[in-house]
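Please read the structure below before turning to the comments.
The values are calculated or read from the model by the stated rules, or taken from the named source; none is laboratory data. Not measured: the values here are computed from a predicted model. Here the Cβ positions follow ideal geometry from the backbone for every residue, glycine too, while neighbour counts run over all protein chains shown. Side chains included, ligands, DNA and RNA excluded: accessible areas come from the protein's heavy atoms. Shrake-Rupley method; radii C 1.70, N 1.55, O 1.52, S 1.80 Å.
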Amino acid sequence: MKHRLALVASSSLLLAVNGVAQVQIAPIAPAPIAPALSVWPGYARDPSHNAISGVSAQNLSRIKWQTPVDLMPQYSGSSLLIHYGSPLVTPAGMVLVTVKTQASGSYQVEGHLSSTGATVWTTTTDYVLPPHGWTPSVGSTLTTQNDLVIPAIGGTVLYRSTPDLVGGSVRRDAFFGMSNYNANPAAYDASVFISTPITADAAGNLYFGFVVRGTTPLNLVSGLARISAGGVGSWVSAANAANDTAIRKVVYNCAPALSRDGSSVYVAVTNTNNSGFGTGYLVKLDSTTLAMQARVRLKDVSVPTLDARLPDDGTASPTVGPDGDVYFGVFEGSGVNNHSRGWLTHFDANLTQTKLGSAFGWDDTASVVPRAAVPGYTGPSAYLLLTKYNNYGYPGGGDGLNKLAVIDPNVSMVDPISGATVMNTVRTILGPTPDQNWPGGVREWCINTAAIDVARHCAIVNCEDGKVYRWDLGTNTLLDPVVLTVGIGEAYTPTIIGHDGTSYAINNGILFALGQ
(Lines give C-alpha, C1' and ligand atoms only; values in the text may rest on other atoms or scores of the structure.)
Protein backbone atom coordinates (compact mmCIF):
# COMPACT_ATOMS: atom_id res chain seq x y z
CA MET A 1 0.00 0.00 0.00
CA LYS A 2 1.48 3.35 -0.94
CA HIS A 3 2.73 5.47 1.93
CA ARG A 4 -0.09 7.67 3.26
CA LEU A 5 1.29 8.62 6.64
CA ALA A 6 1.22 12.15 7.97
CA LEU A 7 4.80 13.36 7.72
CA VAL A 8 2.88 -23.61 31.90
CA ALA A 9 5.84 -22.18 32.60
CA SER A 10 8.84 -21.32 34.67
CA SER A 11 9.03 -19.48 37.98
CA SER A 12 12.05 -17.20 37.88
CA LEU A 13 14.06 -14.57 39.70
CA LEU A 14 14.73 -11.29 37.90
CA LEU A 15 18.42 -10.35 37.76
CA ALA A 16 20.42 -7.54 36.16
CA VAL A 17 23.84 -7.95 34.61
CA ASN A 18 25.61 -5.10 32.78
CA GLY A 19 22.32 -3.26 32.40
CA VAL A 20 20.59 -6.20 30.77
CA ALA A 21 17.55 -7.53 32.63
CA GLN A 22 17.71 -11.31 32.85
CA VAL A 23 15.86 -14.26 34.31
CA GLN A 24 18.28 -17.06 35.25
CA ILE A 25 20.04 -17.20 31.90
CA ALA A 26 21.18 -20.71 31.04
CA PRO A 27 24.02 -20.62 28.49
CA ILE A 28 23.16 -22.37 25.24
CA ALA A 29 25.77 -23.07 22.58
CA PRO A 30 25.06 -21.31 19.29
CA ALA A 31 23.31 -23.54 16.78
CA PRO A 32 23.56 -23.35 13.00
CA ILE A 33 20.52 -22.49 10.91
CA ALA A 34 18.40 -25.59 10.33
CA PRO A 35 18.81 -27.21 6.90
CA ALA A 36 16.19 -26.60 4.24
CA LEU A 37 12.97 -28.45 5.06
CA SER A 38 9.69 -28.71 3.21
CA VAL A 39 8.05 -26.48 5.81
CA TRP A 40 7.44 -22.78 6.44
CA PRO A 41 7.87 -22.24 10.21
CA GLY A 42 7.90 -18.45 10.54
CA TYR A 43 8.03 -15.02 8.95
CA ALA A 44 10.17 -15.19 5.77
CA ARG A 45 10.63 -18.90 6.53
CA ASP A 46 13.99 -19.16 8.34
CA PRO A 47 15.54 -17.27 11.28
CA SER A 48 17.63 -15.20 8.85
CA HIS A 49 14.53 -14.30 6.77
CA ASN A 50 15.84 -15.63 3.44
CA ALA A 51 12.35 -16.79 2.23
CA ILE A 52 13.84 -19.62 0.13
CA SER A 53 11.44 -22.53 -0.26
CA GLY A 54 12.58 -26.11 0.36
CA VAL A 55 10.33 -27.39 -2.44
CA SER A 56 9.25 -26.18 -5.86
CA ALA A 57 5.98 -24.40 -6.37
CA GLN A 58 3.22 -26.00 -8.37
CA ASN A 59 1.91 -24.13 -11.39
CA LEU A 60 -0.64 -21.54 -10.29
CA SER A 61 -3.54 -23.06 -12.20
CA ARG A 62 -6.37 -22.49 -9.76
CA ILE A 63 -7.52 -21.56 -6.28
CA LYS A 64 -7.48 -24.86 -4.36
CA TRP A 65 -9.20 -23.38 -1.31
CA GLN A 66 -9.50 -20.15 0.62
CA THR A 67 -10.18 -19.02 4.17
CA PRO A 68 -10.49 -15.58 5.82
CA VAL A 69 -7.69 -14.16 7.93
CA ASP A 70 -9.99 -11.34 9.07
CA LEU A 71 -13.63 -11.89 10.05
CA MET A 72 -14.25 -8.16 10.55
CA PRO A 73 -11.88 -6.17 8.30
CA GLN A 74 -11.86 -2.45 8.97
CA TYR A 75 -11.32 -0.40 5.81
CA SER A 76 -9.83 3.08 5.57
CA GLY A 77 -11.81 4.42 2.65
CA SER A 78 -11.08 1.90 -0.11
CA SER A 79 -7.89 0.57 1.52
CA LEU A 80 -7.20 -2.16 4.05
CA LEU A 81 -4.38 -0.90 6.29
CA ILE A 82 -3.97 -4.08 8.32
CA HIS A 83 -0.86 -6.26 8.43
CA TYR A 84 -1.60 -9.97 8.75
CA GLY A 85 0.61 -12.61 10.30
CA SER A 86 2.35 -15.00 7.93
CA PRO A 87 0.67 -18.38 7.41
CA LEU A 88 2.85 -21.28 8.56
CA VAL A 89 3.17 -24.86 7.34
CA THR A 90 4.25 -27.79 9.54
CA PRO A 91 6.49 -30.63 8.28
CA ALA A 92 3.38 -32.82 7.95
CA GLY A 93 1.60 -30.15 5.93
CA MET A 94 -0.84 -28.56 8.37
CA VAL A 95 -1.43 -24.94 7.38
CA LEU A 96 -1.60 -22.62 10.39
CA VAL A 97 -3.55 -19.39 9.93
CA THR A 98 -3.79 -16.49 12.38
CA VAL A 99 -7.27 -14.98 12.11
CA LYS A 100 -8.49 -11.60 13.34
CA THR A 101 -12.00 -12.20 14.67
CA GLN A 102 -13.17 -8.78 15.86
CA ALA A 103 -12.81 -5.20 14.69
CA SER A 104 -10.76 -4.44 17.79
CA GLY A 105 -8.34 -7.24 17.05
CA SER A 106 -9.25 -10.45 18.90
CA TYR A 107 -7.36 -13.40 17.41
CA GLN A 108 -7.36 -17.16 16.97
CA VAL A 109 -5.07 -19.60 15.18
CA GLU A 110 -6.56 -22.32 12.98
CA GLY A 111 -5.05 -25.55 11.66
CA HIS A 112 -6.17 -26.35 8.09
CA LEU A 113 -5.61 -29.42 5.96
CA SER A 114 -3.38 -28.44 3.07
CA SER A 115 -5.31 -30.70 0.68
CA THR A 116 -8.82 -29.29 1.19
CA GLY A 117 -8.53 -26.34 3.57
CA ALA A 118 -10.81 -28.05 6.09
CA THR A 119 -10.40 -26.63 9.61
CA VAL A 120 -8.96 -29.28 11.93
CA TRP A 121 -8.59 -27.26 15.12
CA THR A 122 -8.83 -23.73 16.52
CA THR A 123 -6.90 -22.19 19.40
CA THR A 124 -7.95 -18.79 20.75
CA THR A 125 -5.41 -16.34 22.09
CA ASP A 126 -6.11 -13.45 24.48
CA TYR A 127 -3.52 -11.31 22.69
CA VAL A 128 -4.13 -7.54 22.75
CA LEU A 129 -2.70 -5.19 20.14
CA PRO A 130 -0.41 -2.36 21.26
CA PRO A 131 -1.46 1.24 20.52
CA HIS A 132 -1.05 1.61 16.77
CA GLY A 133 -1.77 3.35 13.49
CA TRP A 134 -1.98 0.66 10.85
CA THR A 135 -2.87 -2.62 12.56
CA PRO A 136 0.37 -4.51 13.36
CA SER A 137 0.89 -8.13 12.34
CA VAL A 138 0.33 -10.92 14.86
CA GLY A 139 3.14 -13.30 14.04
CA SER A 140 3.19 -16.82 15.46
CA THR A 141 6.03 -19.29 14.84
CA LEU A 142 6.84 -23.00 14.87
CA THR A 143 9.76 -24.36 16.88
CA THR A 144 12.02 -27.33 16.28
CA GLN A 145 10.30 -28.93 19.29
CA ASN A 146 7.07 -29.00 17.22
CA ASP A 147 5.37 -26.32 19.27
CA LEU A 148 3.31 -23.53 17.78
CA VAL A 149 4.08 -20.32 19.71
CA ILE A 150 1.38 -17.63 19.65
CA PRO A 151 1.53 -14.04 20.99
CA ALA A 152 -0.72 -13.59 24.02
CA ILE A 153 -1.80 -10.94 26.52
CA GLY A 154 0.53 -9.13 28.90
CA GLY A 155 3.69 -9.98 26.95
CA THR A 156 3.10 -13.70 27.44
CA VAL A 157 3.09 -16.40 24.77
CA LEU A 158 1.04 -19.55 24.33
CA TYR A 159 2.61 -22.88 23.33
CA ARG A 160 0.25 -25.16 21.43
CA SER A 161 1.73 -28.67 21.20
CA THR A 162 1.35 -31.15 18.29
CA PRO A 163 -0.03 -28.67 15.75
CA ASP A 164 -0.47 -31.51 13.23
CA LEU A 165 -3.08 -33.17 15.44
CA VAL A 166 -6.64 -32.31 16.44
CA GLY A 167 -5.72 -32.40 20.11
CA GLY A 168 -2.90 -30.42 21.63
CA SER A 169 -2.11 -29.00 25.04
CA VAL A 170 -1.75 -25.25 25.56
CA ARG A 171 0.52 -23.68 28.13
CA ARG A 172 1.58 -20.08 28.84
CA ASP A 173 5.02 -18.61 29.46
CA ALA A 174 6.37 -15.14 30.14
CA PHE A 175 9.80 -13.72 29.36
CA PHE A 176 9.79 -12.04 32.80
CA GLY A 177 8.79 -15.23 34.66
CA MET A 178 5.38 -16.81 35.14
CA SER A 179 5.57 -16.45 38.91
CA ASN A 180 5.90 -12.70 38.41
CA TYR A 181 3.03 -12.65 35.93
CA ASN A 182 0.76 -14.76 38.13
CA ALA A 183 1.40 -12.48 41.11
CA ASN A 184 -0.33 -9.58 39.32
CA PRO A 185 -1.62 -10.50 35.86
CA ALA A 186 -3.87 -7.44 35.59
CA ALA A 187 -0.89 -5.08 35.81
CA TYR A 188 0.95 -6.84 32.99
CA ASP A 189 -2.15 -7.36 30.86
CA ALA A 190 -2.85 -3.63 30.88
CA SER A 191 0.72 -2.54 30.18
CA VAL A 192 2.81 -5.04 28.19
CA PHE A 193 2.22 -5.80 24.48
CA ILE A 194 4.11 -7.98 22.03
CA SER A 195 4.77 -5.75 19.01
CA THR A 196 6.67 -7.88 16.47
CA PRO A 197 6.36 -11.36 14.96
CA ILE A 198 8.02 -14.05 17.06
CA THR A 199 11.24 -15.53 15.65
CA ALA A 200 12.40 -19.02 16.68
CA ASP A 201 16.01 -20.04 16.10
CA ALA A 202 17.26 -23.51 15.16
CA ALA A 203 17.43 -24.56 18.83
CA GLY A 204 13.88 -23.40 19.63
CA ASN A 205 14.79 -20.16 21.44
CA LEU A 206 12.29 -17.34 20.90
CA TYR A 207 12.84 -13.61 20.24
CA PHE A 208 10.30 -10.78 19.95
CA GLY A 209 9.86 -7.07 20.56
CA PHE A 210 7.50 -5.75 23.22
CA VAL A 211 6.26 -2.33 24.31
CA VAL A 212 5.24 -1.17 27.79
CA ARG A 213 2.56 1.45 28.34
CA GLY A 214 2.22 2.13 32.06
CA THR A 215 3.90 0.61 35.09
CA THR A 216 4.47 -2.97 36.16
CA PRO A 217 5.70 -4.47 39.44
CA LEU A 218 9.04 -5.31 37.77
CA ASN A 219 9.36 -1.88 36.16
CA LEU A 220 9.56 -3.38 32.69
CA VAL A 221 10.42 -1.02 29.85
CA SER A 222 10.04 -1.58 26.13
CA GLY A 223 12.63 -3.78 24.49
CA LEU A 224 13.51 -7.22 23.14
CA ALA A 225 12.50 -10.46 24.87
CA ARG A 226 13.98 -13.94 24.72
CA ILE A 227 12.56 -17.26 25.96
CA SER A 228 14.93 -20.19 25.74
CA ALA A 229 13.94 -23.61 24.46
CA GLY A 230 13.92 -24.68 28.10
CA GLY A 231 11.47 -21.94 29.13
CA VAL A 232 13.96 -19.50 30.68
CA GLY A 233 13.11 -15.87 29.98
CA SER A 234 15.18 -12.71 29.68
CA TRP A 235 14.90 -9.24 28.21
CA VAL A 236 16.88 -6.14 27.39
CA SER A 237 15.52 -2.63 27.15
CA ALA A 238 15.71 -1.00 23.73
CA ALA A 239 17.87 1.75 25.25
CA ASN A 240 20.40 -0.74 26.63
CA ALA A 241 20.33 -2.71 23.40
CA ALA A 242 21.48 0.42 21.57
CA ASN A 243 23.51 1.94 24.43
CA ASP A 244 21.51 5.13 23.92
CA THR A 245 19.13 6.52 26.52
CA ALA A 246 17.11 8.29 23.80
CA ILE A 247 15.97 4.96 22.34
CA ARG A 248 12.50 3.85 23.41
CA LYS A 249 11.42 0.60 21.74
CA VAL A 250 11.85 -2.01 19.00
CA VAL A 251 10.26 -0.87 15.74
CA TYR A 252 6.78 -2.37 15.33
CA ASN A 253 6.56 -5.43 13.06
CA CYS A 254 10.35 -5.80 12.95
CA ALA A 255 10.83 -9.56 13.28
CA PRO A 256 14.23 -10.26 14.88
CA ALA A 257 16.71 -12.04 12.59
CA LEU A 258 19.44 -14.50 13.57
CA SER A 259 22.99 -14.63 12.25
CA ARG A 260 23.93 -17.65 10.18
CA ASP A 261 25.54 -19.44 13.15
CA GLY A 262 22.76 -18.43 15.53
CA SER A 263 25.10 -16.59 17.88
CA SER A 264 23.68 -13.11 17.28
CA VAL A 265 20.29 -11.50 16.82
CA TYR A 266 19.58 -8.34 14.81
CA VAL A 267 16.68 -5.93 15.34
CA ALA A 268 15.89 -2.24 14.75
CA VAL A 269 15.17 0.16 17.61
CA THR A 270 13.70 3.66 17.53
CA ASN A 271 13.61 6.84 19.60
CA THR A 272 9.83 7.24 19.58
CA ASN A 273 7.62 5.64 22.19
CA ASN A 274 4.52 6.37 20.14
CA SER A 275 3.24 4.62 17.03
CA GLY A 276 4.67 6.54 14.10
CA PHE A 277 8.02 7.70 12.72
CA GLY A 278 11.24 7.59 14.67
CA THR A 279 14.97 7.36 14.07
CA GLY A 280 17.40 4.93 15.55
CA TYR A 281 19.69 1.96 15.07
CA LEU A 282 20.08 -1.53 13.76
CA VAL A 283 21.58 -3.44 16.66
CA LYS A 284 23.40 -6.77 16.95
CA LEU A 285 22.97 -8.59 20.26
CA ASP A 286 24.38 -11.77 21.73
CA SER A 287 21.59 -14.27 21.10
CA THR A 288 22.02 -15.88 24.54
CA THR A 289 22.68 -12.94 26.87
CA LEU A 290 21.13 -10.13 24.77
CA ALA A 291 24.22 -8.02 25.46
CA MET A 292 24.98 -5.49 22.72
CA GLN A 293 27.67 -6.59 20.28
CA ALA A 294 27.36 -3.76 17.74
CA ARG A 295 25.09 -0.99 16.52
CA VAL A 296 24.81 1.24 13.48
CA ARG A 297 22.86 4.46 13.13
CA LEU A 298 20.42 4.09 10.25
CA LYS A 299 20.92 6.79 7.62
CA ASP A 300 19.31 7.98 4.40
CA VAL A 301 21.18 6.32 1.50
CA SER A 302 21.11 9.41 -0.74
CA VAL A 303 21.81 11.94 2.04
CA PRO A 304 24.02 10.13 4.58
CA THR A 305 24.04 13.12 6.94
CA LEU A 306 20.31 12.56 7.54
CA ASP A 307 18.93 9.93 9.86
CA ALA A 308 16.60 7.55 8.07
CA ARG A 309 13.11 7.30 9.53
CA LEU A 310 11.69 4.08 10.93
CA PRO A 311 7.92 3.79 10.44
CA ASP A 312 5.87 1.63 12.80
CA ASP A 313 3.37 1.17 9.96
CA GLY A 314 5.91 -0.77 7.88
CA THR A 315 6.96 -4.41 8.13
CA ALA A 316 10.64 -4.19 7.22
CA SER A 317 12.70 -6.80 9.09
CA PRO A 318 16.41 -7.60 8.84
CA THR A 319 17.58 -10.16 6.30
CA VAL A 320 20.90 -11.93 6.89
CA GLY A 321 22.49 -13.09 3.65
CA PRO A 322 24.42 -16.35 3.16
CA ASP A 323 27.70 -14.41 3.58
CA GLY A 324 26.50 -12.81 6.84
CA ASP A 325 25.77 -9.37 5.38
CA VAL A 326 22.69 -7.70 6.86
CA TYR A 327 19.95 -5.83 4.99
CA PHE A 328 17.23 -3.64 6.49
CA GLY A 329 14.60 -1.35 4.98
CA VAL A 330 14.09 2.25 6.14
CA PHE A 331 12.15 5.35 5.06
CA GLU A 332 13.70 8.54 3.66
CA GLY A 333 15.26 10.95 6.09
CA SER A 334 13.49 14.07 4.84
CA GLY A 335 10.34 14.60 2.81
CA VAL A 336 9.92 12.23 -0.10
CA ASN A 337 13.34 12.55 -1.76
CA ASN A 338 12.99 8.99 -3.05
CA HIS A 339 9.27 9.05 -3.93
CA SER A 340 8.32 7.48 -0.58
CA ARG A 341 10.10 4.26 -1.52
CA GLY A 342 12.57 4.36 1.34
CA TRP A 343 15.88 2.49 1.10
CA LEU A 344 17.31 -0.96 1.66
CA THR A 345 20.37 -0.43 3.85
CA HIS A 346 23.27 -2.90 3.74
CA PHE A 347 25.98 -3.70 6.30
CA ASP A 348 28.61 -6.29 7.05
CA ALA A 349 27.88 -8.84 9.79
CA ASN A 350 29.53 -6.71 12.48
CA LEU A 351 27.67 -3.54 11.45
CA THR A 352 31.02 -1.76 11.12
CA GLN A 353 30.97 -1.32 7.34
CA THR A 354 28.14 0.41 5.47
CA LYS A 355 27.82 -1.18 2.05
CA LEU A 356 25.86 -0.54 -1.12
CA GLY A 357 22.18 0.23 -0.50
CA SER A 358 19.14 -0.15 -2.74
CA ALA A 359 16.32 2.12 -3.83
CA PHE A 360 13.34 0.57 -2.07
CA GLY A 361 12.82 -0.66 1.46
CA TRP A 362 10.37 1.07 3.76
CA ASP A 363 7.81 -1.78 4.02
CA ASP A 364 9.74 -4.76 2.69
CA THR A 365 11.93 -7.62 3.84
CA ALA A 366 14.42 -8.59 1.14
CA SER A 367 14.26 -12.21 -0.07
CA VAL A 368 17.53 -13.99 -0.90
CA VAL A 369 17.82 -15.21 -4.50
CA PRO A 370 20.68 -17.71 -5.05
CA ARG A 371 22.39 -17.07 -8.37
CA ALA A 372 21.21 -20.49 -9.57
CA ALA A 373 17.67 -19.10 -9.51
CA VAL A 374 18.53 -16.46 -12.15
CA PRO A 375 19.62 -18.16 -15.39
CA GLY A 376 21.85 -15.93 -17.45
CA TYR A 377 23.26 -13.97 -14.51
CA THR A 378 27.02 -13.58 -15.00
CA GLY A 379 27.90 -11.10 -12.26
CA PRO A 380 30.22 -11.62 -9.28
CA SER A 381 27.67 -12.31 -6.55
CA ALA A 382 26.83 -15.72 -5.06
CA TYR A 383 23.32 -14.47 -4.32
CA LEU A 384 21.01 -11.63 -5.26
CA LEU A 385 18.02 -10.06 -3.51
CA LEU A 386 14.38 -9.61 -4.46
CA THR A 387 12.41 -6.58 -3.30
CA LYS A 388 9.51 -4.48 -4.44
CA TYR A 389 10.56 -1.55 -6.61
CA ASN A 390 7.39 0.52 -6.59
CA ASN A 391 7.64 4.11 -7.86
CA TYR A 392 4.58 5.56 -6.19
CA GLY A 393 2.46 8.23 -7.80
CA TYR A 394 0.61 10.53 -5.38
CA PRO A 395 1.75 11.28 -2.71
CA GLY A 396 5.20 9.94 -3.49
CA GLY A 397 5.78 12.08 -6.56
CA GLY A 398 6.70 9.20 -8.87
CA ASP A 399 5.32 8.08 -12.20
CA GLY A 400 3.26 5.20 -10.79
CA LEU A 401 5.24 2.61 -12.78
CA ASN A 402 5.50 0.05 -9.99
CA LYS A 403 7.95 -2.81 -10.41
CA LEU A 404 9.58 -5.77 -8.75
CA ALA A 405 13.36 -6.05 -8.85
CA VAL A 406 16.13 -8.57 -8.40
CA ILE A 407 19.13 -6.56 -7.29
CA ASP A 408 22.85 -7.25 -6.99
CA PRO A 409 24.28 -6.37 -3.57
CA ASN A 410 27.81 -6.00 -4.96
CA VAL A 411 27.32 -4.14 -8.27
CA SER A 412 26.30 -0.50 -8.41
CA MET A 413 24.29 1.78 -10.66
CA VAL A 414 23.02 5.35 -10.43
CA ASP A 415 19.38 5.44 -9.38
CA PRO A 416 17.49 7.49 -11.99
CA ILE A 417 15.06 8.88 -9.41
CA SER A 418 17.32 10.06 -6.58
CA GLY A 419 20.72 10.12 -8.26
CA ALA A 420 22.09 7.95 -5.47
CA THR A 421 24.53 5.12 -6.11
CA VAL A 422 22.57 1.96 -5.38
CA MET A 423 22.53 -1.78 -6.08
CA ASN A 424 22.25 -2.65 -9.75
CA THR A 425 18.97 -4.12 -10.97
CA VAL A 426 19.51 -7.54 -12.56
CA ARG A 427 15.82 -8.10 -13.33
CA THR A 428 12.87 -5.73 -13.12
CA ILE A 429 9.28 -6.34 -14.09
CA LEU A 430 6.45 -3.85 -14.33
CA GLY A 431 3.07 -4.47 -12.79
CA PRO A 432 0.74 -5.64 -15.60
CA THR A 433 -2.49 -3.89 -14.63
CA PRO A 434 -3.26 -0.18 -15.27
CA ASP A 435 -4.05 1.91 -12.20
CA GLN A 436 -7.31 3.75 -12.86
CA ASN A 437 -6.44 6.21 -10.10
CA TRP A 438 -3.11 7.17 -11.64
CA PRO A 439 -3.09 7.75 -15.44
CA GLY A 440 -0.13 5.99 -17.01
CA GLY A 441 0.62 4.07 -13.83
CA VAL A 442 0.07 0.44 -12.85
CA ARG A 443 -1.22 -1.26 -9.73
CA GLU A 444 1.52 -1.71 -7.18
CA TRP A 445 3.03 -4.92 -5.90
CA CYS A 446 1.77 -6.01 -2.51
CA ILE A 447 4.33 -8.26 -0.79
CA ASN A 448 6.58 -7.74 2.22
CA THR A 449 8.50 -11.00 1.75
CA ALA A 450 8.30 -13.05 -1.45
CA ALA A 451 8.73 -16.83 -1.55
CA ILE A 452 11.67 -17.94 -3.74
CA ASP A 453 11.60 -21.20 -5.74
CA VAL A 454 15.22 -21.84 -6.75
CA ALA A 455 14.68 -25.01 -8.80
CA ARG A 456 12.02 -23.43 -11.03
CA HIS A 457 13.80 -20.06 -11.15
CA CYS A 458 10.82 -18.11 -9.90
CA ALA A 459 9.21 -16.11 -7.11
CA ILE A 460 5.57 -16.10 -5.98
CA VAL A 461 4.36 -12.50 -6.05
CA ASN A 462 1.12 -10.81 -5.04
CA CYS A 463 -0.30 -7.63 -6.56
CA GLU A 464 -2.89 -5.01 -5.64
CA ASP A 465 -4.67 -5.86 -8.91
CA GLY A 466 -6.09 -8.83 -6.98
CA LYS A 467 -3.92 -11.42 -8.74
CA VAL A 468 -0.99 -13.62 -7.78
CA TYR A 469 1.75 -14.48 -10.28
CA ARG A 470 4.76 -16.74 -10.70
CA TRP A 471 7.62 -14.47 -11.77
CA ASP A 472 9.96 -16.52 -13.96
CA LEU A 473 13.42 -15.07 -13.33
CA GLY A 474 14.94 -16.81 -16.35
CA THR A 475 12.57 -15.42 -18.95
CA ASN A 476 11.59 -12.35 -16.88
CA THR A 477 7.90 -13.00 -17.44
CA LEU A 478 4.84 -13.20 -15.23
CA LEU A 479 3.28 -16.65 -15.50
CA ASP A 480 0.12 -18.35 -14.23
CA PRO A 481 -1.89 -15.31 -13.13
CA VAL A 482 -4.75 -16.30 -10.81
CA VAL A 483 -7.53 -13.85 -9.96
CA LEU A 484 -8.03 -13.76 -6.19
CA THR A 485 -10.16 -10.63 -5.68
CA VAL A 486 -11.16 -7.53 -7.63
CA GLY A 487 -8.09 -5.83 -6.16
CA ILE A 488 -7.67 -3.40 -3.29
CA GLY A 489 -5.11 -1.04 -1.80
CA GLU A 490 -3.74 -2.83 1.24
CA ALA A 491 -0.84 -3.17 3.62
CA TYR A 492 1.81 -5.54 2.33
CA THR A 493 1.53 -9.29 2.92
CA PRO A 494 3.83 -12.34 2.58
CA THR A 495 3.76 -15.20 0.10
CA ILE A 496 4.86 -18.70 1.10
CA ILE A 497 5.22 -22.19 -0.43
CA GLY A 498 3.93 -25.24 1.44
CA HIS A 499 5.31 -28.76 1.82
CA ASP A 500 3.60 -30.03 -1.36
CA GLY A 501 4.35 -27.01 -3.55
CA THR A 502 1.06 -25.23 -2.87
CA SER A 503 1.56 -21.47 -2.79
CA TYR A 504 -0.25 -19.21 -0.34
CA ALA A 505 -1.05 -15.51 -0.65
CA ILE A 506 -3.22 -13.06 1.30
CA ASN A 507 -5.42 -10.60 -0.58
CA ASN A 508 -8.22 -8.44 0.89
CA GLY A 509 -8.21 -10.28 4.23
CA ILE A 510 -8.39 -13.78 2.69
CA LEU A 511 -5.74 -16.51 2.49
CA PHE A 512 -5.70 -18.33 -0.86
CA ALA A 513 -4.11 -21.74 -1.51
CA LEU A 514 -2.93 -21.92 -5.11
CA GLY A 515 -1.72 -24.82 -7.22
CA GLN A 516 -2.53 -27.19 -10.02
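For the pair Q516 and A246, label points projected 7 Å from Cα toward Cβ lie 5.6 nm apart. Reported value for region 434-516: 94 Å³ per residue, from the convex hull of its C-alpha atoms. Each label was represented as a point 7 Å from its Cα along the Cα-to-Cβ direction; for S169 and N219 these points are 3.7 nm apart. Averaging the Cα positions of each part gives two centres, and for region 471-488 and region 347-382 these lie 23 Å apart. Pairs from the list K249/K388; K403/K467; K249/K284; K249/K403; K64/K403; K388/K467 with a Cα-Cα gap above 22 Å: K249/K388; K249/K403; K64/K403.
Within a straight-line Cα-Cα reach of under 19 Å, K355 can be paired with the following aspartates and glutamates, leaving aside sequence neighbours fewer than 8 residues apart in one chain: D300, D307, D323, D325, E332, D364, D408, D415. About its Cα centre, the dipole of region 413-516 is roughly 140 debye, where the only charges are +1 on Lys and Arg Cβ and -1 on Asp and Glu Cβ. Here the translational diffusion coefficient of region 340-459 follows from Stokes-Einstein with Rh set to the Kirkwood radius across Cα pairs; for 37 °C and 0.692 mPa s it amounts to 220 µm²/s.
Determine Rg/Rh for the chain; Rg is computed over alpha-carbon atoms and Rh is the Kirkwood hydrodynamic estimate from the same atoms. My calculation of the ratio gives 0.94. Would you work out the relative contact order for region 294-433, in percent, from Cα pairs under 8 angstrom that are 6 or more residues apart? Relative contact order, region 294-433: 20 percent.
When you filter the chymotrypsin sites (Phe, Trp or Tyr not before Pro) in region 44-103 for DSSP loop state and at most 14 other Cβ atoms inside 10 Å of their Cβ, you are left with Y75. Based on C-alpha pairs under 8 angstrom that are at least 6 apart in sequence, region 419-500 has a relative contact order of 25 percent. Ligands, DNA and RNA left out, the 1.4 Å accessible surface of the chain is 53% carbon and sulfur atoms.
Charging the Cβ of each Asp and Glu at -1 and of each Lys and Arg at +1, and nothing else, the dipole of the chain about its Cα centre rounds to 160 debye.
From the Cα gyration tensor of region 258-351, with a ≥ b ≥ c the square roots of its eigenvalues, which class applies: rounded if a/c is under 1.5, or else prolate if a/b is larger than b/c, or else oblate? Prolate.
You can think of it this way: the chain between S334 and T101 has 80.1 nm of extra reach, that is 0.36 nm per residue less the Cα-Cα gap. Length gained on full extension, V486 to Y75, computed as 0.36 nm times the residue gap minus the Cα-Cα distance: 146.4 nm.
Can you tell me the accessible area per residue over the chain, all protein chains present, probe 1.4 angstrom, in square angstrom?
32
Over the chain, DSSP H runs of length four or greater, each weighted -39,500 (n - 2.57), average out per residue to a 222 nm ellipticity of -1000 deg cm²/dmol.
Convex hull over the alpha-carbon atoms of region 143-273: what's its volume per residue in Å³?
About 106 Å³ per residue, rounded to a whole number.
Taking all Cα pairs closer than 8 Å and separated by 6 or more residues, the relative contact order of region 64-123 comes to 29 percent. Taking amide H as placed 1.01 Å from N in the peptide plane, G489 has its amide H under 5 Å from the amide H of L80, each at least 5 places away in sequence or on another chain. Distance between the pseudo-spin-label points of T305 and S56 (7 Å out from Cα toward the beta carbon): 5.4 nm.
Straightening the chain between N274 and T124 buys 51.2 nm, computed as 0.36 nm per residue apart minus the Cα-Cα spacing.
Distant-in-sequence amide contacts of V138, defined by a placed amide H-H separation under 5 Å and a gap of 5 or more residues or a different chain, comprise G85.
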